[in-house]
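Notes follow the structure.
Any read-out appearing in this document is the output of simple, stated calculations on the displayed coordinates, not a laboratory observation. Since we're looking at a predicted model, the values are computed, not measured. Counting neighbours? That spans all protein chains shown, and the Cβs are built from the backbone with ideal geometry, glycine included.
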Amino acid sequence: MSSDLEARGVHAWFTKHHALADISLTFNAGSVTALIGPSGCGKSTFIRTLNRMHEFIPGAAMAGEVLLNGKDIYEKGIDVTKIRLQIGMVFQKPNPFPSMTIGENVLSGIKLAQLKVENKDDLMEECLVRAGLWKEVKDRLDSYAGGLSGGQQQRLCIARSLAVKPKVLLMDEPCSALDPGSTLRIEDTIRELASDMTIVIVTHNMQQAARISDFTAFFLSDGGPGHLIEVGKTNDIFSKPVDKRTEDYVSGRFG
């Protein structure tokens with residue numbers, strides 16, 4: 001299967017702190033890749049290098065290449081806004097726009113990017129259906145998003161990301177603040193979305209990684225910059241990892 005996204009030799013710094021060292025990963029189209037590892041090993045930093053959000057942080061720097069369909073997104077002259085339309089992001093804490101209605105939230109990315117859409121109502125419904133939220137909100141699209149539960153708000157953020165038709169969706173611990181029922185609904189959504197896009201998810205939940213991902217990458221810092229210990233098919237990482245440190249982590253011996 002062809003690759004939508006590839007990281008080559010990625011390093012990341014926060015001022016003088018070397019946070020990530022030499023990460024190379026390929027993300028297959030139509031698949032879910034889980035990034036696992038202890039807190040502080042650079043997983044969230046890495047995922048933010050994949051759509052150029054890392055550079056927003058004062059003092060942040062990176063080296064290496066991130067290729068989207070074979071083209072380096074850090075190449076001089078690249079329009080960062082267009083990159084982020086193609087590589088969407090869902091954050092740990094749901095962040096719908098509280099002063100906008102549910103419907104306006106879904107279409108906000110379209111409006112900001114000044115994209116032309118023939119039928120906005122159809123697009124709104126499509127995105128909410130794909131995010132697993134349509135049945136719950138179809139009769140209150142004009143209500144403010146702040147009235148939704150945490151799990152509903154997170155699915156609304158997913159719907160908002162889908163509206164601009166990204167090729168890749170990055171998810172930074174999207175279920176960490178949610179109850180088990182909401183978590184399972186988000187996981188169902190992730191599996192359905194993966195049929196036609198590339199998904200990369202940071203998670204501390206080993207059971208979640210085992211349930212939803214096709215591939216798993218294990219990060220560790222060992223007192224220095226975070227680096228990639230092992231990557232492979234999720235079943236292999238959890239049942240027959242190559243590195244003893246991976247086995248210790250996924251079995252709960254540390255982390």
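To the nearest 10 degrees, how steep is helix 102-113 against the longest Cα principal axis of the chain, on a 0 to 90 scale? Tilt relative to the chain: about 70 degrees. Between the alpha-carbon centres of region 181-251 and region 1-75 there is a gap of 16 Å. Full extension of the chain between ASP72 and ASN95 yields a length gain of 5.4 nm, computed as 0.36 nm times the residue separation minus the alpha carbon distance.
Kirkwood hydrodynamic radius (Cα pairs, Å) of region 153-226?
Values: mean 1/r = 0.0747 Å⁻¹.
When all Cα pairs of region 153-226 are included, the Kirkwood radius is 13.4 Å.
In order along region 197-203, the phi-based Karplus estimate (6.51 cos²θ - 1.76 cosθ + 1.60, θ = phi - 60°) of 3J(HN,Hα) comes to 8, 9, 10, 10, 10, 8, 8 Hz; Gly and Pro are listed as x.
Rounded to the nearest 20 debye, the dipole size of region 1-152 about its Cα centre is 400 debye, using +1 on the Cβ of Lys and Arg and -1 on the Cβ of Asp and Glu. Relative to 2.2 N^0.38 Å, what does the C-alpha radius of gyration of region 53-163 come to as a ratio? Two decimals please. Here the answer is 1.21, to two decimals.
One decimal place: the segment LEU115-ALA63 gains 15.6 nm when fully extended, by the rule 0.36 nm per residue minus the C-alpha distance. Order by neighbour count: ARG253, ARG185, fewest other Cβ atoms within 10 Å first, most last. Least crowded to most crowded, the residues run ARG253, ARG185.
Between ASP79 and LYS135, the FRET efficiency estimated from the beta carbon spacing at R0 = 45 angstrom works out to 0.75.
What the Cβ-Cβ distance of ASP122 and PHE254 gives, at R0 = 45 Å and to the nearest 0.05, is a FRET efficiency of 0.35. Shown here is the pair-distance distribution of the chain: with all Cα-Cα distances grouped in 10 Å bins from zero up to the longest one, the shares run 7, 31, 35, 21, 6, 0 percent.
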